[in-house]
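The values are calculated or read from the model by the stated rules, or taken from the named source; none is laboratory data. Because the structure is predicted, anything quoted here is derived from the model rather than measured. Cβ atoms come from the backbone with ideal geometry, glycine included; neighbour counts cover every protein chain shown. Calculation scope for accessible area: heavy atoms of the full protein, side chains included, ligands and nucleic acids excluded. Shrake-Rupley method; radii C 1.70, N 1.55, O 1.52, S 1.80 Å.
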Amino acid sequence: MGTREQIVDAANRLFYEQGFERTSFAAIGEAVGISRGNFYYHFKTKDEILEAVIQARLASTRQMLAEWGDGATGPLERVRRFVEIVITNQGDIENYGCPVGTLTNELAKLGHPSRAHAVGVFEVFRTWLREQFEELGRAADADDLALHVLTFSQGVATLSNAFHDRAFVRREVDRLNTWLTGQFTTP
């Protein structure tokens, strides 16, 4: 991994764990182990780093969804993989919340112009979920179903971060999976 990628990777993690506003150039440089001059060679402003982090998140999200598409037997299994993400990433979510939700919320509070770009990760999830529901024969309400699943994910992530109650998270994931089975099982 090159220096630029190391900076973006460190900034991504620090923005998630500490927040965008609280993360300094010095903290990112220290995490990567580079001098200030070397740092400025790659990024002149924190906003440039933020844009690179958002691009990296978009790319990794698209890659994850493509891998789910390659490894799943069908669209319902792919949606279930998305639902399970609150368990897969449970430790980080308990400690820091959802990486997408926390960043978009912080940028909204700051009135930051990159907020709309950060929401793009949610848009990638929304589009992907909508496509799964369309493939399941629910074209008429596919977007509503996609938003329902996104709402579930954000709500459970928020409460997981608040309460650190893994049994609750498991029950909610099971509840949504039961709902999905009821929606897409032929009687």
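Scan segment 1-37 residue by residue and report those that are without any contact (Cβ under 8 Å) to a residue 24 or more places away in the chain and under 17 Å from Gln55 (Cα atoms).
Met1, Gly2, Glu5, Ala10, Arg13, Leu14
Please count how many residues of segment 102-128 are part of a helix (DSSP H, G or I), farther than 12 Å from Arg62 by Cα and hydrophobic (A, V, I, L, M, F, W, C).
6
I need every pair where a residue in segment 119-146 that is more than 14 Å from Leu65 (Cα to Cα) has its Cβ under 8 Å from the Cβ of a residue that is outside any helix (DSSP H, G or I), sequence separation at least 6 or different chains.
What qualifies is Glu135/Gly74; Leu145/Arg138.
Among (1) open to solvent by 60 Å² or more (accessible area, probe 1.4 Å); (2) modelled with pLDDT of 95 or more; (3) more than 30 Å from Phe15 (Cβ to Cβ), there is one condition Ala142 misses while meeting the rest; what is its number?
(1) is the only condition that Ala142 fails.
Does Gly97 fit the bill of being open to solvent by less than 70 Å² (accessible area, probe 1.4 Å), within 17 Å of His164 (Cβ to Cβ) and in contact (Cβ under 8 Å) with a residue 24 or more places away in the chain?
Judged against the criteria, Gly97 is a match.
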